[in-house]
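J.: Sharing a structure below in structure tokens format, with a few things to ask.
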Amino acid sequence: MTKYIIFAGTTEGKTISDVFEHAGIAHIVCVATHVGREVMASGKHRRIISRRLKACEMEDLFVKEQVQVVLDATHPYACEVTKNIREASEKCGCDYQRIVRESKLHDEADEDLVYFETVQECAKAMKQVEGKILLTTGSKDLHIFAEDEAVRSRLIARVLPVEESLQLCENAGLSGRQIIAMFGPFSYEMNHAMLQQYDIACLVTKDSGRNGGFEEKVMAAKECGCKVFVIGRPMKETGISVGEAIRTYAGDVTIPFHISLCGLGPGDVQMMTCACKTALKNADLVLGAKRLLDDAAGCTEAMMMPYYLAKDIIPYLESYLLHHPGANIVILLSGDSGFYSGCTKLYKELIKWDCCGMNLELLPGISSISYFAAQIAKPYSCAQLESWHGKADDPDYPGHLAAVIARHADTYVLLSAGEDVARLGALLNGYGLGDCEVTVGSRLSYPDQSVETCLAKNLEISPSGLCLAYVHNPSPKQNLSICLADDAFIRDKVPMTKADIRHLCVARLELQEHSVVYDIGAGTGSVAIEIAKQHESIRVFAVEQKPEAVELIQKNAALLHAENVTIVEAQAPDRLENLPVPTHAFIGGSAGRLREIIDLLLKRNPDIRIVITAVTIETVSEMTEVLKRYKDKEAELIQVSVSKNMQAGQYTLMQAQNPIYIAILGPGRQEESK
């Protein structure tokens, strides 16, 4: 007695049988030829019958084995077989389920695809095609396609390497050079190679769905500029999918599968790690950008698909794993998986996907930086590592990069293309860094690798494709803190916090890398700009309500190359809620709304550090009252008096400036006396 019987002939049938075998469910698999048996071995719970069964033989088998469920996973175009299986199931009282596969992955309006309802219609249209035609529809209908002698001479038929198929090719009048006898599945890369090798003008295929390799054929044909003739399915089918069959009859079965995120290295296969080569050798499916698939093609026999974004990879895997449980999947990434790689985002998306049974590993590769550094003998252990790749639309990055290069002797920069080299040269010259030595490497590790060096002011290197730059600054600015003089700013008639008070306030903010700072009542922008110049990673939002002051901040920021200052034209606390959460705030002017401002700042970040300045007694009074409200916070109030020397004839006098009151609120440095 065997409860289940599967009529296979497609990968869907093998998939269901593999799951049944894994789950310990006894079943019989019927395949029409020895080819089907070759791809599916008998197992502890699987018995295989490899011959064509007549309708009466099916009935006898169902009765003898007391079959209860019949799963018909034969080919979508095997209409007569499906008819016999259904009728035999009905006569014997078996539960019949047709396993259907996804159809029409491409829009019928796609101008590159032409659909036909019958083989005869397609054969007629082929008479109008110029050039060679690749038939991937099997051997059964070859005689129809080859009826016209003019068409027959231009046909290339891809068929199974079995005697029956080869005989049908011969009967149709095809010679040996017109026959490709191979077992599938055929990857995108394999289809692409065949189309190019045989100079194919038109590909003929059946609408065999994703599991029948339809998508791989269409993608390759489009890449090669071929027409695609699609023969639609002969009848509309209803039934259940592979996944529904597994869930219904095998229950909640988890079959582990493996995904390797592999850093391919700089490009040449010789630079690929042994771990990556092993993963490719054992892979059932390889995904990645086309350039990477081309590089890895000689290391694997797996099916390849040009997907490299999570939004494309995950939906494809969901479908693929239904038909290939337990698969080994490799996703290729350029360079090293841990260095400015798409791996980080993809890894997070795969973890979020959280597919049951997934084993996920990261395999590092040789990064382009490490390879380039070895080529030019410039170690990167003390260098700054930056990437302009993929950041062309980020308006803040150029200023950040220029600041990094200005501060450091050695910087490596990943670039997207040759145009980025020109942008890098213009950036360095615009920031007065024209004497920097720039070495550009492109096509790294390939036979046509290029490495060129010149000064930034003479930079005219135009490499093609992805490239790298090493920038050596002979005179880096090593200041641990930046103190700008008052005369560095354009002031006009707008009030400005004077240099000594400004330096003290910036110091008392206790800034860190990547701080987010609000300068409220920014005036000339002197405090905002001095904060921004402390480190290129700091983001400053200069909040100012007066139009003339806003214009002045814009001029000063441009003059002093403070690209990490963003101007917000508003009266605080208006619009502050729409800005990134602050870590620090400087309040140089509050327009009588100090309490509202501080309430909002503490609401957005209870651990914010705030520095406030006041000159008038009224503002000091308001500041004192506000500090009293926050007894749970560390608060400090200091008065600073500054006198500066001035010449009176032959004498030097000290001229006093207005005393300034400075309040510090929030966590941070504590006085020892406390």
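What follows draws every value from the coordinates through simple rules; no lab data is involved. Everything quoted here is computed from the prediction, not taken from an experiment. Methodologically, a virtual Cβ is constructed for each residue, glycine included, from the backbone with ideal geometry; neighbour enumeration extends over all protein chains shown.
J.: Of the peptides 329-339, 307-317, 640-650, how do they stack up when ordered by the mean number of other Cβ atoms within 10 Å, highest first?
T.: 329-339, 307-317, 640-650
J.: Separate question: Taking loop as defined by DSSP and a crowding limit of 15 other beta carbons within 10 Å, which GluC sites (Glu not before Pro) in the stretch 616-660 fit? Numbers along the way, then the final one.
T.: On the way: sites: GLU618, GLU622, GLU625, GLU634, GLU636; in loops: GLU634.
Of the GluC sites (Glu not before Pro), the ones in loops of the stretch 616-660 whose Cβ has at most 15 other Cβ atoms within 10 Å are GLU634.
J.: List the GluC sites (Glu not before Pro) within the stretch 435-504 that fall in a DSSP loop (any state other than H, G, I, E or B) and whose Cβ has at most 10 other Cβ atoms within 10 Å.
T.: Values: sites: GLU437, GLU452, GLU460; in loops: GLU460.
For GluC sites (Glu not before Pro) across the stretch 435-504 that sit outside H, G, I, E and B with at most 10 neighbouring Cβ atoms in 10 Å, the list reads GLU460.
J.: Between rounded, prolate and oblate, where does the stretch 486-665 land on the alpha carbon gyration tensor, with a ≥ b ≥ c its root eigenvalues, rounded for a/c under 1.5, else prolate if a/b exceeds b/c?
T.: Oblate is the answer for the stretch 486-665, as a/c is 1.5 or above yet b/c matches or exceeds a/b.
J.: Also, quick follow-up: Taking 0.36 nm per residue of sequence separation and subtracting the Cα-Cα distance, how much length would be gained by fully extending the chain between ASP354 and ALA507, in nm to one decimal?
T.: 50.4 nm
J.: Of THR118, HIS45, ALA402, which is farthest towards the positive pole of the chain's charge dipole, taken about the Cα centre with +1 and -1 on the beta-carbons of Lys, Arg and Asp, Glu respectively?
T.: Going by the Cα projections, it comes out as HIS45.
J.: Using a Förster distance of 41 Å, how high is the FRET efficiency between SER450 and GLU318, based on the Cβ-Cβ distance and rounded to 0.05?
T.: Efficiency for this residue pair is about 0.45.
J.: Taking the stretch 4-98, how much of its Cα-Cα pair set, in percent, is spaced more than 19 angstrom apart?
T.: The proportion of pairs with Cα distances above 19 Å equals 33 percent.
J.: Further, regarding this structure: Looking at LEU428, TRP353, ALA250, which one has the Cα that reaches farthest to the positive end of the dipole of the chain (charges on Cβ: Lys, Arg +1; Asp, Glu -1)?
T.: Of the listed residues, the answer is ALA250.
J.: Right, here's the next one. Considering only C-alpha atoms, what is the centroid distance from the stretch 164-196 to the stretch 374-450, in Å?
T.: 50
J.: Now a separate question. For a footprinting-style exposure proxy, rank VAL543, VAL67 by other Cβ within 10 Å, fewest first.
T.: In order of increasing Cβ crowding within 10 Å: VAL67, VAL543.
J.: Where in the stretch 349-372 is the amide nitrogen less than 19 Å from a point lying 7 Å along the Cα-to-Cβ axis of MET219?
T.: 350
J.: Quick one: if you stick a label point 7 Å off each Cα along the C-beta vector at GLN647 and GLN66, how many nm between them?
T.: 11.7
J.: State, as an integer percentage, the relative contact order of the stretch 113-231 based on alpha-carbon contacts under 8 Å between residues 6 or more apart.
T.: On the way: 197 pairs, mean separation 38.3, N = 119.
It comes to 32 percent, rounded to a whole number.
J.: If each DSSP helix of 4+ residues adds -39,500 (n - 2.57) and the sum is divided by the residues in the chain, what number results at 222 nm, nearest 500 deg cm²/dmol?
T.: -9500 deg cm²/dmol
J.: Please compute the length gained on full extension between GLU569 and ASP500, using 0.36 nm multiplied by the number of residues separating them and subtracting their Cα-Cα distance.
T.: So the chain would gain 22.2 nm between GLU569 and ASP500.
J.: With r defined as the distance between the Cβ atoms of LYS311 and THR344 and R0 fixed at 25 Å, what FRET efficiency is calculated, to the nearest 0.05?
T.: That pair, LYS311 with THR344, gives E of 0.95.
J.: A further question on this structure: Run the quick spin-label model on ASP396 and ASP599: label points 7 Å from Cα toward the beta carbon, then report their separation in nm to one decimal.
T.: 2.9
J.: Taking just the C-alpha trace of the chain, give me its Rg and Dmax in Å.
T.: In Å, with Rg to one decimal and Dmax whole: 36.0, 125.
J.: Here is a further query. Using alpha-carbon pairs under 8 Å, 6+ residues apart, how would you state the relative contact order of the chain in percent?
T.: In percent, rounded to a whole number, it is 7.
J.: Mind ranking 272-278, 224-230 by how tightly packed they are, going by the mean number of other C-beta atoms within 10 angstrom, highest first?
T.: 224-230, 272-278
J.: Let me ask something additional. Per 0.36 nm of contour for each residue apart, how much would the distance between ALA193 and VAL640 grow if the chain were fully extended, relative to their Cα-Cα spacing?
T.: Values: separation 447, 0.36 × 447 = 160.92 nm, distance 7.81 nm.
Computed gain between ALA193 and VAL640 is 153.1 nm.
J.: Continuing with this model, one more query. Rounded, prolate or oblate for the stretch 369-472? Axes are the square roots of the Cα gyration tensor eigenvalues, ordered a ≥ b ≥ c, and the cut-off for rounded is a/c under 1.5.
T.: Rounded, since a/c falls under 1.5.
J.: Using the Karplus curve 6.51 cos²θ - 1.76 cosθ + 1.60 with θ = phi - 60°, work out ³J(HN,Hα) for each residue of the stretch 161-176 in order, rounded to whole Hz, and write x for Gly and Pro.
T.: Working through the residues one at a time gives x, 10, 4, 4, 5, 5, 5, 5, 4, 5, 4, 7, x, 8, 8, x Hz.
J.: Between THR278 and LEU385, take the C-beta separation as r, use R0 = 45 Å, and let me know the FRET efficiency to the nearest 0.05.
T.: 0.95
J.: If packing is taken as the mean number of other Cβ atoms within 10 Å per residue, what is the order of 77-85, 114-122, 565-573, highest first?
T.: With the highest mean Cβ count within 10 Å placed first, the list reads 565-573, 77-85, 114-122.
J.: Obtain the nm distance between the two label points defined at LEU559 and THR616 by a simple spin-label model: each point lies 7 Å from its Cα along the Cα-to-C-beta direction.
T.: Reported label-point gap for LEU559 and THR616 is 2.7 nm.
J.: Further question on the same structure: Quick one: which residues, 5 or more positions from ILE48 or on another chain, have an amide H under 5 Å from its amide H? H modelled 1.01 Å from N in the peptide plane, none for Pro or chain starts.
T.: VAL29
J.: Please report, largest first and rounded to whole Å, the three semi-axes of the ellipsoid equivalent to the stretch 436-515, where each semi-axis is the square root of five times an eigenvalue of the C-alpha gyration tensor.
T.: Here the semi-axes work out to 43, 16, 12 Å.
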